[in-house]
Structures are given as C-alpha cells and as structure tokens.
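Worksheet for the structure shown next.
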Amino acid sequence: MARIDKENYYLDIASTVLERSTCMRRHYGAIIVQNDEIVSSGYNGAPRGRKNCGDLGYCTREAMNIPSGERYELCRSVHAEANAIISASRREVLGATLYLACKSPATGELMSGTTCCSMCRRLIINAGIARVVVRDTPTQYRVVDVEKEWIDEDDSIPAIPAEART
C-alpha cells in the first residue's frame, strides 16, 4: 500500500472535522497546520449556545430561496475557516496552511470546486495564513497561494470606469 501524501492526510482530517457540521446546505471542515502540526480545527455551525438549523428544522436561506454564496448575514452558521482561525493565536497561524473540505449533507458527496467566501478570504488574509488547500475529490485538491491569488489579484475591487472615478 502506498503511503498517503501530506496534503491528502490533512485533507482527510478536515473531511472528518466536517462531520460535526450543523449546516443543512453544506458541511465544511477546516484545519490549520503550522510546521507539520495541527494548530486548530473548525466546522460550520451555529455560534455556541444558539440553536442550529437542524434544531430549528429549517435553513433560513433555503426557506427564502437564496442562492449559494449570497446573503450570508442571514445564515446562522459561523464558517469552518472562521472557527478554525478563532481557535488559534495569530502567532500560530502566521505562514500556516488551512486545509478545507466540503460535502453535501444531502448526498454525502464531496463538493468539488468549492472555495472560501469573500469574508473568510479576508479573515484568512488578516490571520496571516499563507496557503489554502481545498479538496476536490478523494485524492485531488487545489492549492491557493494567498498572497498571489487573494492579495495581489484582489477580486474585491469593483471594476469602475476611469471616468466614473473622478
């Protein structure tokens, strides 16, 4: 049997963490690794002490037919990436790697092509995390260089025509 590579090893752990998710739409799991040690983990779910969607029996965004990726302020969950960052100190995450996995709660299948939302991207940038590794299949993943892809290539700046900027 071939030995699993480190990226898939940590993604397998993130995939186990997502099993704690309480979201009815997507199950996310995240771990932060620094110097080959797991610093923290997080999954998406309601803030401590609050009822989650499963307890309520409905998802507000689903009930309102809000498409994926929109109106996060109506969501009860704290995202997996945010929970992992909250659980670590800044000195532990400077230059670290965040591993992220996502499954559909309806099918249990991995959700390929997922990415961090714009708010989580800002949290990751400010935490000083250097890389994000996102699982697409049981063995395939994408690596995001945070500085090159999310800081230098800042997609949060709207394209405003030059004549409108004056």
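The values are calculated or read from the model by the stated rules, or taken from the named source; none is laboratory data. Keep in mind that this is a model prediction, so the values were computed, not measured. Every residue, glycine among them, receives a Cβ derived from its backbone with ideal geometry; neighbour counts consider all protein chains shown. Just the protein is used for accessible areas: all its heavy atoms, side chains included, with ligands, DNA and RNA removed. Shrake-Rupley method; radii C 1.70, N 1.55, O 1.52, S 1.80 Å.
Total residues in segment 84-126 satisfying the condition of being open to solvent by 40 Å² or more (accessible area, probe 1.4 Å), farther than 22 Å from E37 by Cα and of a type in the set (S, T, N, Q): the figure is 4.
Of all residues in segment 127-166, which are at pLDDT below 90, assigned to a helix (DSSP H, G or I) and either loosely packed, with under 10 Cβ neighbours inside 10 Å or of a type in the set (V, I, T) (or both)? Correct list: I151, D152, A162, E163, A164, R165.
For segment 32-61, how many residues meet the condition of being of a type in the set (V, I, T), open to solvent by 50 Å² or more (accessible area, probe 1.4 Å) and farther than 30 Å from V143 by Cα? Steps first, answer last, please.
First, the residues of segment 32-61 that are of a type in the set (V, I, T): 32-33, 38-39, 60.
Next, only the ones that are open to solvent by 50 Å² or more (accessible area, probe 1.4 Å) stay: 38.
Then keep just the ones that are farther than 30 Å from V143 by Cα; that gives none.
Total meeting the criteria: 0.
In segment 119-134, the residues that are within 21 Å of E73 (Cα to Cα) and of a type in the set (A, V, I, L, M, F, W, C) form Cβ pairs under 6 Å with partners that are open to solvent by less than 70 Å² (accessible area, probe 1.4 Å) and not in a helix (DSSP H, G or I), at six or more places apart or across chains, as follows: C120/H79.
Kindly evaluate C120 against the criterion of being closer than 24 Å to D155 by Cβ and in contact with a His (Cβ under 9 Å, 6 or more places away or on another chain).
On the way: closer than 24 Å to D155 by Cβ: yes; in contact with a His (Cβ under 9 Å, 6 or more places away or on another chain): yes.
It is true that C120 is closer than 24 Å to D155 by Cβ and in contact with a His (Cβ under 9 Å, 6 or more places away or on another chain).
In segment 6-49, which residues are part of a loop (DSSP other than H, G, I, E, B), free of Cβ contacts under 8 Å to residues at least 60 places away in the same chain and either of a type in the set (G, A, S) or touching a Ser or Thr at 6+ places or on another chain (Cβ under 9 Å) (or both)? Listed by number, the residues that qualify are T22, N44, A46, P47, G49.
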